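Note sheet for the following structure.
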Amino acid sequence: MSAIPNGARDTDDLDHLVDWFETLSPDTVARTREFYASDAFFKDPFNEVTGAKHIEQIYAHMFRQVANPGFRVRERIRDANGTVLIWEFRFSVKPGAPVTIVRGASHLRFNAAHQITWHRDYWDTGEELYGRMPGLGILMRWLRRRLQAPQN
């Protein structure tokens, strides 16, 4: 991957990365180190780690925590400083449970070897996750109504 937006190699590398994200499985998690630099930084609402080994552990953990997780990249935004992937993450809390969809974005930066050096995920845990939980969802909806600007 490269932060340079116009090269054919860059497009091929980004396509390859997106394909890996979209087909990520317990069997392909081991390929994390192909896509991430050894000292890559990763942050999402629950994790902040440095190192491809630790990022691989986060992906592996995902498959132990939820059923049928999967990403679908909906949009790609690129410039000389990096790439933003707009995605949907689908999963079930347990096998047979309804599918939950979380929408978010990943901001990626790359090194000269086309590996991710910086990966920051942005998504709203309140709306996308906590607001759907029994009990906690009631509190989150009340808080949202309380803090919402009036619509006059």
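Does residue 58 fit the bill of being loosely packed, with under 13 Cβ neighbours inside 10 Å, among the hydrophobic types (A, V, I, L, M, F, W, C) and either in a helix (DSSP H, G or I) or at pLDDT 95 or above (or both)? Don't jump to the end; show me each part of the working.
Values: loosely packed, with under 13 Cβ neighbours inside 10 Å: no; among the hydrophobic types (A, V, I, L, M, F, W, C): yes; either in a helix (DSSP H, G or I) or at pLDDT 95 or above (or both): yes.
When the stated conditions are applied, residue 58 does not pass them.
Which of the residues that make up region 71-85 are loosely packed, with under 15 Cβ neighbours inside 10 Å, in contact (Cβ under 8 Å) with a residue 12 or more places away in the chain and not basic (Lys, Arg)?
The answer is 79, 80, 81.
Scan region 89-113 residue by residue and report those that are surrounded by fewer than 18 Cβ atoms within 10 Å (Cβ to Cβ), over 26 Å from residue 13 (Cα atoms) and not β-branched (Val, Ile, Thr).
92, 94, 95, 96, 97, 98
Any chance region 35-51 includes a residue that's surrounded by 14 or more Cβ atoms within 10 Å (Cβ to Cβ), among the aliphatic types (A, V, I, L, M), assigned to a helix (DSSP H, G or I) and touching a residue at least 40 places away in the same chain (Cβ under 8 Å)?
Checked against the condition, which is being surrounded by 14 or more Cβ atoms within 10 Å (Cβ to Cβ), among the aliphatic types (A, V, I, L, M), assigned to a helix (DSSP H, G or I) and touching a residue at least 40 places away in the same chain (Cβ under 8 Å), region 35-51 yields no hits at all.
Run residue 113 past the list (1) of a type in the set (Gly, Ala, Ser); (2) free of Cβ contacts under 8 Å to residues at least 40 places away in the same chain; (3) not in a strand (DSSP E or B) and report the number of the one that doesn't hold.
With (1) of a type in the set (Gly, Ala, Ser); (2) free of Cβ contacts under 8 Å to residues at least 40 places away in the same chain; (3) not in a strand (DSSP E or B) applied to residue 113, the lone miss is (2).
The values are calculated or read from the model by the stated rules, or taken from the named source; none is laboratory data. Keep in mind it's a predicted model, so treat the numbers as computed, not measured. Here the Cβ is made from the backbone with ideal geometry for all residues, glycine too, and neighbour counts use every protein chain on show.
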